[in-house]
Amino acid sequence: MANTTKVKTFTIVIPAGQGPTVTTAEESIQEMLWDLRDQMTDNNKPTEDELQAADQLIVNGLGVNDWHDREYTFFEDYKLRIETMPQYKLDEMPEFAGY
């Protein structure tokens with residue numbers, strides 16, 4: 001029997017395409033911030049600790065875990081898609097089918 005327990009999922013969309021679907025806002029925002037860092041061309045890229053602090057500031061400061069299902073734009077080409085789905089649907093998704 002399929003597990004119909006509902007789970008909130010977070011999927012980022014970045015210029016390179018759709019990222020992985022995960023079950024924590026922290027992980028999805030972190031992926032987005034790392035991609036933004038990778039796009040930087042100067043030598044003043046944020047450190048890993050600075051990215052973690054920014055991740056927590058965004059997730060906790062904006063209350064991302066409390067946002068409703070839909071797609072949110074962070075920057076022009078950076079979006080966060082939130083969807084509540086049955087656990088079995090998440091389990092059937094490919095492990096990673098994004099960028």
Could you give me D for segment 9-50, from Stokes-Einstein at 4 °C and 1.567 mPa s, where the hydrodynamic radius is the Kirkwood radius over C-alpha pairs? Units µm² s⁻¹, please. 117 µm²/s
In nm, to one decimal, how far is the modelled label at T84 from the one at M40, with both set 7 Å along Cα→Cβ? 3.7 nm
If you work out semi-axes √(5λ) of the Cα gyration tensor in Å from the coordinates, which of [x] 28, 16, 10; [y] 30, 12, 10; [z] 26, 15, 12 do you get? [z]
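Provide the per residue accessible area, probe 1.4 Å, for segment 45-99, rounded to a whole number of square angstrom.
With the other protein chains kept in place, segment 45-99 gives 70 Å² per residue.
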When the chain is treated as a GNM, springs tying every alpha-carbon pair under 10 Å, which of T41, T11, T23 comes out with the largest mean-square fluctuation? T41
Nearest 10 degrees, 0 to 90: helix 25-39 Cα axis against the chain principal axis: 40 degrees
Given H placed on each backbone N at 1.01 Å, which residues far from T24 in sequence or on other chains put an amide H within less than 5 Å of it? F10
Roughly how tilted is helix 48-62, in degrees to the nearest 10 and between 0 and 90, from the longest Cα axis of the chain? 60 degrees
The set of residues whose placed amide H lies less than 5 Å from the amide H of Y72, leaving out same-chain residues fewer than 5 positions away, is L80, R81, I82
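The values are calculated or read from the model by the stated rules, or taken from the named source; none is laboratory data. All values reported here derive from a predicted model rather than from experimental measurement. Backbone-built Cβ (ideal geometry, glycine too); neighbour counts: all protein chains shown. The protein model used for the area step is the full one, side chains on, heavy atoms only, and it has no ligands, DNA or RNA in it. Shrake-Rupley method; radii C 1.70, N 1.55, O 1.52, S 1.80 Å.
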